[in-house]
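What follows is one structure encoded as structure tokens, with my remarks underneath.
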Amino acid sequence: MIPPTSASQPASNETTSIHASGTLINTPPGDIGTISSHILRSYDGNDWERVAGDYASVMTDPSCTATTCTATIPTIISESKLADTKFYLITYQHMARGAQSKMARFLDKNTFGVTRESIDNFSEPTDSDHDYALWVQSQITSIKPELHREFFRENVNNRLSVAERTNRPTHPCENGSRWRRYSFEKFDVNESLTVSSLHSDGTSGPYLLSVNDVPRTSVATIRYWDDDGGGRWRPLSLGDWSICGQPREKRRGRFAVYSVERGIGNCLQIEGGNPEISLPMSVLSSDDNIFDVRLPVTLNQMTQAAPGQIEFGEEMTYILDRGLKTHGEFDTLCSSFSQSGVGNHLFGRLNDGTQLYFDPRLV
């Protein structure tokens, strides 16, 4: 910065003619090191113009000829302070910069921070406006955007079974699909649970447990803890019940039912808790709402991931890193399984007999 080339103490609304290029500033009484407000500026031989600050809204741009610009500077301070207030013309001298220095300034303004690598990788080092325009265009068309929304959804674990207006559930044929071993989830609270017999006599076990008429699992026996009957396990009667409270999302986690119709107002704790998924082939093949596939992996080959809502259980979900679409035999499933999630219920079978339920998550 070159020291002030001129200083004046104009009277109220004085008209000042300015010839040099630089910055005209107003200072309060005291040292020039304290700048109260910028007033006008000129650079690269251009006409003088107003700049943002206290004076911008109360004055007009200077009137310029080929050699001189004339500006009327209004008084915006009190008369008592006007005598000690000065206006300075300050000029700056910029060193000539090379192409790399100009690229560094450009990248510093248009990225999160310039690095030596970003300068070296600049595709066109000729320092022209056209080259910079090409760089901006490449950022838009050639580089995948790092979207906050995408990052958020990839790193949360919210369950979503049916598509909504602004989002959709994951698809089992996509990489990273999730699967679980427990039968009931927290969103099953207050849903209808039907207990029916799979035995030929229609009353004995094994028993099929269905949520809203969709089979979820089968159990050899189903009993509840009877506090009123002397504290013992008693068989749960067949028929319709409601799921009481949020099931704990883990095998053998808390699971309870209630039935207002039968006059049982309290929750009945089910023996064994949240059961493991286990459906016979007769059920898997007879229900039009159920898809059944044999997964081409073992449980040990799937990645374990803790659920996002850890307070609802410590059960691990299992991630199929390579989606089913990478295996040709699942082409029919991948094309027929609804992207919206409506009506989809998919069970996967492993070679050792373990069954998993496809657990759609937020995309």
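The values are calculated or read from the model by the stated rules, or taken from the named source; none is laboratory data. Small disclaimer: the values here were computed from a predicted structure and weren't measured. Using ideal geometry, Cβ is built from the backbone for each residue, glycine included, and neighbour counts are taken over all protein chains shown. Quick note on the areas: whole protein, heavy atoms, side chains included, nothing else; ligands and nucleic acids left out. Shrake-Rupley method; radii C 1.70, N 1.55, O 1.52, S 1.80 Å.
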>> Check which residues have an amide H placed less than 5 Å from Thr75's amide H, if you skip close sequence neighbours.
In response: Asn13
> Taking all pairs of different Cα atoms in the stretch 211-273, averaging 1/r and flipping that mean, what Kirkwood radius in angstroms comes out?
Replying inline: 12.5
> What does the accessible area per residue of the stretch 184-250 come to in Å², with a 1.4 Å probe and no ligands, DNA or RNA counted?
Replying inline: 49
> Straight-line reach from Lys109: which lysines have Cα under 23 Å away, leaving out those fewer than 8 places along the same chain?
Replying inline: Lys144
> If you place +1 on the Cβ of every Lys and Arg and -1 on the Cβ of every Asp and Glu, how big does the dipole about the Cα centre of the stretch 187-295 come out, in debye to the nearest 20?
Replying inline: 480
> Where nothing but the Cβ of Lys and Arg (+1) and of Asp and Glu (-1) is charged, how large is the charge dipole of the stretch 121-253 around its Cα centre, in debye to the nearest 20?
Replying inline: 880
> What Kirkwood hydrodynamic radius, in Å, does the stretch 114-264 give when the mean of 1/r is taken over all pairs of distinct Cα atoms and then inverted?
Replying inline: 20.8
> Assigning unit charges at the beta carbon (Lys, Arg +1; Asp, Glu -1) and nothing else, what dipole magnitude in debye, to the nearest 20, does the stretch 161-231 show about its Cα centre?
Replying inline: 480
>> For Cys69, what residues show an amide H to amide H distance below 5 Å, using hydrogens built from the backbone and excluding near sequence neighbours?
In response: Ile18
